[in-house]
Amino acid sequence: MVDVFTLSSPAQRGTSLIEVLVTIIILTIGLLGLAGLQMRLQSSEMEAYQRSQAIMLVNDMAGRIASNRADAASYVTGAGSPLGAGMTCPTGATPQKIDANEWCNALQGAAETMGGGQVGAVVGGRGCVEDLGNNEYLITVAWQGMTPVSAPAPACGQGLYNGGTACTGDLCRRVVTTVIRIGDLTS
């Protein structure tokens with residue numbers, strides 16, 4: 001009986017094992033790349049969700065100001081004193097105080113609760129209303145983003161989103177804004 005291994009040349013031994021190991025290494029690198037892509041996809045999905053929530057919150061306040069246009073100036077919070085996360089919501093019986101309280105609670109996530117905590121809004125949501133003059137008001141919602149980007153220009157929430165090493169200098173602060181113009185209906 002002839003042994004197959006003795007007929008093959010010694011240089012050929014172990015080549016299949018090396019080919020299998022190289023294939024496993026290439027496959028592992030590919031799978032790690034897919035895992036990284038999945039993580040970035042989830043992060044992007046969360047950013048998009050938060051942006052859509054912030055847009056709804058900005059539009060909510062714009063609608064509140066537009067429906068109470070005679071007292072629009074009373075809605076101004078200024079950029080340095082935002083409503084929302086970490087703040088005590090205003091109380092009172094005037095339409096402006098009721099609107100500010102409801103918007104503040106919405107910014108804090110009161111729309112949805114889980115385990116006793118409010119989770120129904122953007123992470124660290126804060127909102128500002130600024131007077132631009134000429135019956136124009138800038139409404140801004142700021143929140144904590146997932147990854148650092150360039151710092152946004154609007155001042156709402158500035159300096160309040162500097163957590164972690166990657167998020168210094170407001171690099172994780174995100175904002176959406178809208179300008180509402182109140183027309184003069186008396187002339």
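Listed conditions (1) among the β-branched types (V, I, T); (2) over 18 Å from the mean Cα position of the chain (by Cα); (3) assigned to a loop (DSSP other than H, G, I, E, B) are all met by I29, apart from (3).
Only one entry of E102, E47 meets the criterion of being farther than 18 Å from R173 by Cα and within 22 Å of the chain's Cα centre (by Cα), and that entry is E102. The single condition among (1) within 30 Å of L185 (Cβ to Cβ); (2) buried (at least 16 other Cβ atoms within 10 Å of the Cβ); (3) under 24 Å from the mean Cα position of the chain (by Cα) that N68 does not meet is (3).
For G63, indicate whether it is on the phi > 0 side of the Ramachandran plot and not in a strand (DSSP E or B). So G63 does not fit the description; no. Evaluated against (1) more than 17 Å from the chain's Cα centre (by Cα); (2) farther than 18 Å from A54 by Cβ; (3) at pLDDT 85 or above, G159 falls short on exactly one condition, (1).
Filter segment 1-26 down to residues that are among the polar types (S, T, N, Q) and assigned to a helix (DSSP H, G or I) and give me whichever is modelled with the lowest pLDDT. Taking the candidates together, the pick is T6. The set of residues from segment 101-140 being within 14 Å of D60 (Cα to Cα) and in contact with a Ser or Thr (Cβ under 8 Å, 6 or more places away or on another chain) comprises N101, G127, C128, V129, L138, I139, T140.
When you look at C128, is it under 22 Å from the mean Cα position of the chain (by Cα), at pLDDT 90 or above, more than 13 Å from C156 (Cβ to Cβ) and not small (G, A, S), yes or no?
For C128, the condition - under 22 Å from the mean Cα position of the chain (by Cα), at pLDDT 90 or above, more than 13 Å from C156 (Cβ to Cβ) and not small (G, A, S) - is not met.
Kindly indicate the residue of segment 80-97 that is hydrophobic (A, V, I, L, M, F, W, C) and touching a Gly at 6+ places or on another chain (Cβ under 6 Å) and also nearest to V141 (Cα to Cα) among those meeting that condition. Once the filter is applied, the top-ranked residue is L83. As for segment 72-83, it holds at least one residue that is surrounded by 15 or more Cβ atoms within 10 Å (Cβ to Cβ), within 25 Å of G117 (Cα to Cα) and at pLDDT 90 or above.
The values are calculated or read from the model by the stated rules, or taken from the named source; none is laboratory data. All of these numbers come straight from a predicted model, not from anything done at the bench. Virtual Cβ from ideal backbone geometry, glycine too; neighbours counted across all protein chains shown.
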